[in-house]
1. Roughly how many nanometres apart are two label points built 7 Å out from the Cα toward the Cβ at N88 and T105?
2. Mind giving me the nanometre distance, one decimal, between the label points for V54 and T3, set 7 Å out from Cα along Cα→Cβ?
3. Give the lysines reachable from K94 as a straight Cα distance under 27 Å; neighbours fewer than 8 places away on the same chain don't count.
4. From the residues I96, M79, P68, which one has its Cα farthest along the dipole of region 45-103 in the positive direction, the dipole being from +1 and -1 charges on Cβ of Lys/Arg and Asp/Glu about the Cα centre?
5. What's the magnitude of the charge dipole for region 45-103 around its Cα centre, counting Lys and Arg as +1 and Asp and Glu as -1 at the beta-carbon? Answer in Debye, nearest 20.
6. Assuming R0 = 41 Å, what is the FRET efficiency of V31 and N77, from their Cβ-Cβ distance, to the nearest 0.05?
7. If you average the sequence gap of Cα pairs under 8 Å that are 6 or more apart and divide by the length of region 45-103, what percent do you get for the contact order?
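Throughout, read-outs are computed from the coordinates displayed, never taken from laboratory work. Keep in mind the model is a prediction, meaning the values are calculated, not measured. Positions of Cβ are backbone-derived with ideal geometry, glycine not excepted, and every protein chain shown enters the neighbour counts.
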Amino acid sequence: MKTTIILMTVFILAAAGFAYAAPEESLHTIVLPELRVELKAGGGKDRTEILCNVCHSLDYITTQPRVPRAQWTATVNKMIKVMGAPINEEDAKKIIDYLVANYGTGN
Ligand code: HEC
């Protein structure tokens, strides 16, 4: 009986010690990179920021080379038709105008 009580006490203390020590040993801290991409101010920025950020970061826009309207139109249409972006025609027009004005070649 005495041995059982001693064994149980040892077991409980060991379990408690393990439970206490485990989280400390497995605790890591990581610092995530700042992912926020600030788009240039301009008409259509809001729609672009919301609708083009659903599937990927906005740096897909900011890191592209400057391209003409035809290219931005093709890209936005591809996002809608191929990727399934839920963007209506009115918003697509606003977004294309915004992209051409701020991330285009000006034509
Ligand atoms: C439904 C999800 C979705 C939405 C919403 C979306 N994209 Fe994409 N986009 C993708 C995927 C997936 C890729 C990666 C394609 C690849 O790697 O070939 C991509 C890639 C891109 C690229 C890289 C070039 C290319 O043609 O692949 C650009 C630029 C881009 N997206 C811009 C936009 C813009 C602008 C919008 C808003 C109009 C937008 N995306 C919204 C899914 C989306």
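1. 3.3 nm
2. Modelled inter-label distance: 7.0 nm.
3. Cα-Cα hits under 27 Å: K40, K45, K78, K81.
4. Farthest towards the positive end: P68.
5. Roughly 200 debye, rounded to the nearest 20.
6. 0.60
7. It rounds to 52 percent for region 45-103.
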